[in-house]
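Every read-out reported here was derived from the displayed coordinates using simple, explicitly stated rules and does not represent laboratory data. Bear in mind the structure is a predicted one, so any value in this text is a computation, not a measurement. Glycine also receives a Cβ, built like all others from the backbone with ideal geometry; neighbour counts cover every protein chain displayed.
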Amino acid sequence: MVKNLKIAIQCCECHRVKDGAVWHEEPHRDDVAYSHGYCPTCMRNALIRFGLESNMVNQALAMAQ
Ligand SMILES: [Zn+2]
């Protein structure tokens, strides 16, 4: 078991890592456990890909904030 394991959220599409309110690119770290999700940019693209109209995407993102 690794001590002091940090948990970070990594975007499963662009692989940027969430740092507070900011998403930035960083190299993979062995002392971080990555949980995968979507950054706001890729979340928006994914919702559009799922067939939502862009105005519905804006509504969904506004509700998620
Ligand atoms: Zn992303």
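The mean sequence separation of alpha-carbon pairs under 8 Å and at least six residues apart, normalised by the residue count of the range 6-64, gives a relative contact order of 32 percent. With 10 Å bins beginning at zero, the pair-distance distribution over Cα atoms of the chain amounts to 21, 42, 26, 10, 2 %. Over the chain, what is the percentage of antiparallel beta bridges among all DSSP beta bridges, to the nearest 5? About 40 percent, rounded to the nearest 5.
Going from the fewest other Cβ atoms within 10 Å to the most, the residues Ile9, Ile48 appear in the order Ile48, Ile9. A simple charge model with +1 on the Cβ of Lys and Arg, -1 on the Cβ of Asp and Glu and nothing else charged puts the dipole of the chain at about 120 debye relative to its Cα centre.
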